[in-house]
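Before any comments, here is the structure.
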Amino acid sequence: MSPHRLWAADPTDRTTTALLRIGAAVLTVGLVAFGLLYYKDQHVAAAPSLIERQVALTEAAVRKSPDDLAARLQLGLVYEQAARYDDAVTQFDQVLKAAPGDKDALLGKGFALMTKGQLDKAVVPLTAIVKATRKGEFAGADSQLGAAYYYLGVIGVKQHQPDKALAQLGHALKIEPTDSDAMYQVGLAQLQQGKPAAAVATFRDALRFVPTGWCEPYQQIQAAYTTMSKPDLAAVAAAMAGFCGNKVDDAKTKLTALTTGSAAVDAMLGLGVIAETQQDTKAAAAWYQKALTKDPKNMSAISSLAALGVKPKASGTTTAK
Amino acid sequence: MTENQTLPDPGGDLLELLDDMSAPPKSPTPAPPVDEARRKRRRIILAILVALLALLVGLFTWYLFNRKPLSELPGLSEARLPSYKTSFYDVAKPLGVAVSPDGSRIYATQSGATPSTIVFDRDGARIGQLTPPATPKTFHVPVYVAVNPTTGDVYVGDRAAGKVYVYDDSGAYRSTFQPKGDVKAISPLGLAVGPDGTLYVADVLSAKPADHRILVLAPDGTVKRVLGKGQLNYPNAIVVGKQGELYVSDSNNGRVVVIDSTGKVSTLVARGVGDGDLGLPRGLAIDDEGRMLVVDTTDHMVRLFTTGSSPTDHPGYVGSFGDEGHDDGKFTFPNGLATDTRGRVYVADRENNRVEVWGY
């Protein structure tokens, strides 16, 4: 026995020792019991996600009818949604084996390969759609053909082949003239061509259709103006990108500060857009009118005032209808 | 390890080991038989043990009474957003959701497929279905659902039928709530039931906002009050506050209002694009911690606010959760919302055909 244990022979100390042992045991058992109860009570087994459920259902449909091309096509599309691109390509290939010209399968395969980064391989099915349909009676309104041209344009941009990209995107825009995504890709291609001014105009066109909630065009405009050594205009674009990212008050402060500089008109138009999205029609009209006073031929200001139902005034005042 | 060093006996006395570890280096001279310092240390350890046991008992007691996550312990529960837990499926286009007083049953109105109200247990298992009465034959679109906090009766507002159906807590159809007096017809959206059985109905009988109102109905159908007439535009969810005030999501006006006992309507949160501003508010709930949750249908998210001591205090914006999409934790045109007293939030995720469960 250790000499240190001699003291434990004291009855009080023996009681303390016993209490310590009992207390430690109770604490341990209590903690374990609480942990088990808490886990049982609070643990939530996460249900399969929506897409996992869709995959399971569609796989079951294909298992039931393996020769059903529509089911396989649907499974390919569902796999794409689940970002299972290899599986998607397998299903599209199965469809194409039975129906080589199936445009849905070609488009799905092209998209899956493009998203996987296999750009050269993706060109093949997409080009097949173009070849098969570009001379068709309804080629000018064929949304699948438009999508094929668009993806080929995106591939051109990704491969830094702006001339090729612009050709494909031009076809896409002929079919869908208000396709703001295609416009955005055109802007990117123009930047690659070293034409930032043209790119800015294109990004602005794209933003006409999606003025809020789309940040990338503003970021690209900022980059283009920076390339063009126009810091004030770049600052306006940066503020609008901030507004797009919900930094509304910060954007307003920055734009207001820019209303006296070389980018005053753009800043005023930006403030008008912000006021408009805040349902403050009066303030929006006032900002557009101010922009118009500074630049009487500014089409953005004119069209924005028209959209608000406000007649531009040469004197700088506006009249709401 | 040298020959002189020895490992403690694993089966030996832990207390002895602790004593030995904290003792001064052993010397050839024997220590005095009674070591006051050791005795003091043991008493301190005993005191700590007692304190830990008391803490555990307190924690156990708090948990048994509240059954909430530990993150909801007093002092920790404010200004936090919930996180996604799971989803309940097998419901088509759910619009409204409500929870039984004990949190064991979740009711979700189903506006798609067969119009009815689906009953889930707390784990998401579908355990029942509240169907409208077979007669009279009419179209049904159940929109919002509310539970009587005292009796557990379930009230389902059917906008197409212009009725409020009442079911008992076992899910059996009990009656159709019939307003008395001048109110001949209603088109119910939001519903709420007070502890005394008073039924609050957001009534949008015509397309004219001037006709939109909140009906306050006694359990026997007598119209006690008509609130907000001419000031609301498609009022959706209603929440009865602790002081008897009513919180209403004034949907097409893009705001949440509070209606006090005098009938005065005050805006709490309005439409805009700033932090915490609303687009199209629909579902609304205030949980037992005083957190106000608002479903912003067109922004596909839920906005969370803290409320003040007075009903008209401006709510403090905490943040938003969810985003547009189909993945877990995302919404596509969410509508109704309910909270339980155990730290859970249920959101009717309409276009994704599910009820999402969030928790703290």
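Every number here is computed from the coordinates shown, using simple stated rules; none is lab data. Model, not experiment: these values are computed from the prediction. As a convention, Cβ positions derive from the backbone with ideal geometry for all residues, glycine included, and neighbour counts pool all protein chains shown.
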Among A:THR17, A:THR260, A:THR115: highest mean-square fluctuation, GNM of chain A, C-alpha pairs under 10 Å = A:THR17
For B:PHE331, residues with placed amide H under 5 Å, excluding near neighbours = B:ASP323, B:GLU324, B:GLY325
Would you calculate the separation in nanometres between label points at A:THR15 and B:VAL223, each defined as 7 Å from the Cα along the Cα-to-beta-carbon direction?
-> 7.7
Count of lysine pairs in segment B:54-190 with Cα atoms under 20 Å apart, counting only pairs 8 or more residues apart in sequence or on different chains?
-> 6
Taking springs between alpha-carbon atoms closer than 10 angstrom, which of A:ALA172, A:ALA182, A:ALA285 fluctuates most in the Gaussian network model of chain A?
-> A:ALA285
Sorting B:ILE238, B:ILE44, A:ILE51 on the 10 Å Cβ count, fewest up front, what's the list?
-> B:ILE44, A:ILE51, B:ILE238
Residue-by-residue Karplus 3J(HN,Hα) for segment B:190-196, coefficients 6.51, -1.76, 1.60, Hz, glycine and proline x = x, 9, 8, 10, x, x, 8
Would you grab the residues whose amide H sits under 5 Å from the one on B:ARG225? Only those 5+ places off in sequence or on another chain, please, with H modelled 1.01 Å from N.
-> B:VAL216
Provide a whole-number value for the mean count of partner chain Cβ atoms within 10 Å of the Cβ atoms in peptide B:324-333.
-> 2
To the nearest 500 deg cm²/dmol, what mean residue ellipticity at 222 nm is calculated for the protein assembly as shown from DSSP H runs of n ≥ 4 alone, each contributing -39,500 (n - 2.57), summed and divided by the residues?
-> -13000 deg cm²/dmol
Going out from 0 in 10 Å bins, what whole percent of all Cα-Cα distances in segment A:140-286 drops into each bin?
-> 13, 37, 29, 17, 3
Most fluctuating of B:THR262, B:THR297, B:THR307 in the GNM of chain B (C-alpha, under 10 Å) is B:THR262
For B:GLU356, A:GLU137, A:GLU59, A:GLU52, ascending order of other Cβ atoms within 10 Å (fewest first) is A:GLU137, A:GLU52, A:GLU59, B:GLU356
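Apply 1/(1 + (r/R0)^6) to the Cβ-Cβ distance of B:LEU55 and A:ALA46, taking R0 = 45 Å, and write down the FRET efficiency to the nearest 0.05. Intermediate results must be reported in sequence, preceding the final value.
Working: r = 31 Å, r/R0 = 0.70.
FRET efficiency, B:LEU55 to A:ALA46: 0.90.
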Once both labels are modelled 7 Å past Cα along the beta-carbon direction, what's the A:ALA139-A:LYS158 spacing in nm?
-> 2.5
Please work out how much length the chain gains when fully extended from A:LYS247 to A:GLU216, using 0.36 nm per residue of separation minus the C-alpha to C-alpha distance, in nm with one decimal.
-> 9.7 nm
Rounded to the nearest 0.05, FRET efficiency between A:ASP86 and A:ASP280 (Cβ-Cβ, R0 45 Å) equals 0.35
Grab the beta carbon distance between B:LYS208 and B:ARG80, set R0 = 30 Å, and tell me the FRET efficiency rounded to 0.05.
-> 0.15
Helix B:36-66 axis, angle to chain B major axis (alpha carbon atoms, nearest 10°) | 10
Tail weight of P(r) past 24 Å, computed on alpha-carbon pairs of segment A:231-321, percent = 14
Using the Cα atoms of segment B:178-260 to build a convex hull, what is its mean projected area in square nanometres?
-> 4.8
Taking θ as phi - 60°, what are the ³J(HN,Hα) couplings along segment B:228-240 by the Karplus curve (6.51, -1.76, 1.60), each to the nearest whole Hz, with x for Gly and Pro?
-> x, 4, x, 10, 10, 9, 6, x, 10, 6, 10, 10, 8
Note: A:49-56 gets an average of partner chain Cβ contacts (10 Å, Cβ to Cβ) equal to 4
25 Å Cα-Cα reach of A:LYS135 towards lysines, excluding residues that sit fewer than 8 places from it in its own chain = A:LYS97, A:LYS103, A:LYS109, A:LYS121, A:LYS164, A:LYS174
In range of the label at B:ALA185: residues from segment B:133-165 whose backbone nitrogen is under 17 Å from the point 7 Å along Cα→Cβ | B:136-141, B:158-164
Inter-centroid distance (Cα atoms) of segment B:60-133 relative to segment B:195-249, Å = 24
Order of B:LYS163, A:LYS313 from fewest to most other C-beta atoms within 10 Å?
-> A:LYS313, B:LYS163
HN-Hα J couplings of segment A:245-260 from phi, Karplus 6.51/-1.76/1.60, θ = phi - 60°, integer Hz, Gly and Pro as x?
-> x, 6, 8, 5, 5, 4, 5, 4, 4, 5, 5, 4, 5, 8, 6, 10
Quick one: net charge of B:ALA113's neighbours, Cβ under 12 Å, K/R +1, D/E -1?
-> 0
Once Rh for segment A:168-253 is found with the Kirkwood sum over Cα pairs, what is the Stokes-Einstein diffusion coefficient at 20 °C and 1.002 mPa s, in µm²/s?
-> 165
Any residue on another chain or 5+ positions along whose placed amide H is under 5 Å from the amide H of B:SER187 is listed here as B:VAL204, B:LEU205
Roughly what would the spin-label model give for A:ALA33 and A:LYS195, points 7 Å off Cα along C-beta, in nm?
-> 7.9
